[in-house]
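The values are calculated or read from the model by the stated rules, or taken from the named source; none is laboratory data. The structure displayed is predicted, hence computed values, not measured ones. Every residue, glycine among them, receives a Cβ derived from its backbone with ideal geometry; neighbour counts consider all protein chains shown.
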Amino acid sequence: MSVQYDLHSHSTASDGSLRPSELVRLAKLRHIDVLALTDHDNIDGIREAQLEAGKVGLHLVAGAEISVSWGRSETIHIIGLNLDIDNPILLKGLQRLCEFRQWRSEEIGRRLAKKHIEGAWEGARAFAKGNIIGRVHFARFLVEQGHAKDMKQVFKRYLVQGKPGYVPGDWATLEDALDWIHRAGGQAVIAHPARYRLSATRLRQLLGEFQELGGSALEVVSGSHSRDEIQHMAQLCCGCGLRASVGSDYHGPENPYMDMGKLPAMPTICVPVWESPAWSSSREVQQAASAPDTLPLAL
Ligand code: AMP
Ligand code: MN
Ligand code: MN
Ligand code: MN
């Protein structure tokens, strides 16, 4: 059997709903051999995930999904894989983003209060359970309070550009994000490239800048890409000589659209990111993939 990769997932350390250890156990149940935990702007869940991965026989890639402000007002997500989570430059960079997140969450609360929605910050904070607060935590609070019927509707009404609870991002520059990733020994991947509202020209421009900065791969197969988008991204990726990545962007069982272990295969024209010379020891990966399932894996 070929090695199964999922290089994009979230835990309670950001806006996922499973603890890092639960996420790892689910990945093992879904026959994933190599899982990257890539929480938004932090690596707080990595140690717990690594510990559990060691127990169940799965290779855990230490990752993060870094928020980047690009162009006039775009937010782009850059995934760092195989990160040294003790690297001080990476940690300092992520710390700055978390401070912005803290201020942003308070500002979202103030803006919603002006629209007569009281207690949103406290509500979001309760959903985040002491972890970094994201828009998803506000979304859960607003749905719970009956302001919208589901996540899709609540984002559309309150949390996207032009809506009352939207605060423009002051994230990392593309240059900084790639610098932090590279200094921490990792590879940089553009997450879910078909999700950004970029024209073909702007997307090419993004790929060009990303490549010039030493970026490695495009997330061709994503839980949020349609089959057509996968083919389109595969062509773009090969056309410019980038490698390709695969990630579910799993956030937990509440989101039925992005499941784990159900991704389509990578188009054969692509060169996988894990085949790059920089990728971490393939011997370790193979060992994890062939380890017997010895533990009970109930979630
Ligand atoms: P943040 O990084 O806090 O601004 O939040 C971004 C996260 O919100 C994404 O990673 C998704 O998990 C979630 N998200 C963004 N847009 C939507 C949407 N339209 N519906 C549901 N979740 C969304
Ligand atoms: Mn998210
Ligand atoms: Mn993302
Ligand atoms: Mn993600």
Consider I46 carefully, then state whether it is under 20 Å from V246 (Cβ atoms), within 16 Å of ligand 2 (Cβ to nearest atom) and surrounded by 22 or more Cβ atoms within 10 Å (Cβ to Cβ).
no
In this structure, does F127 turn out to be touching a His at 6+ places or on another chain (Cβ under 7 Å), on the phi < 0 side of the Ramachandran plot, at pLDDT 95 or above and not assigned by TED's automatic domain parsing to the domain that holds E48?
yes
In the range 117-127, the residues that are surrounded by fewer than 18 Cβ atoms within 10 Å (Cβ to Cβ) and either in contact with a Ser or Thr (Cβ under 6 Å, 6 or more places away or on another chain) or outside any helix (DSSP H, G or I) (or both):
E118, G119
Taking the criterion of being over 23 Å from V61 (Cβ atoms) and of a type in the set (A, V, I, L, M), would at least one residue in the range 88-106 satisfy it?
no
Residue under question is I132, and the condition is that it be modelled with pLDDT under 95 and under 17 Å from the mean Cα position of the chain (by Cα); does it hold?
yes
Within the range 249-287, how many residues are modelled with pLDDT of 90 or more and either within 16 Å of ligand 3 (Cβ to nearest atom) or of a type in the set (A, V, I, L, M) (or both)?
11
When residues of the range 1-24 are limited to those that are buried (at least 22 other Cβ atoms within 10 Å of the Cβ) and away from ligand 1 (no atom under 14 Å from the Cβ), the one nearest to K55 (Cα to Cα):
V24
How about the range 206-229: which of its residues are surrounded by 23 or more Cβ atoms within 10 Å (Cβ to Cβ) and not in a loop (DSSP other than H, G, I, E, B)?
F210, A217, L218, E219, V220, V221, S222
Candidates L207, L198, L178, L213 - the one that is within 16 Å of ligand 3 (Cβ to nearest atom) and not assigned by TED's automatic domain parsing to the domain that holds K115
L198
I'm told I132 meets every condition in (1) of a type outside the set (D, E, K, R); (2) in a helix (DSSP H, G or I); (3) within 16 Å of ligand 4 (Cβ to nearest atom) except one. Can you identify the failing condition by its number?
(2)
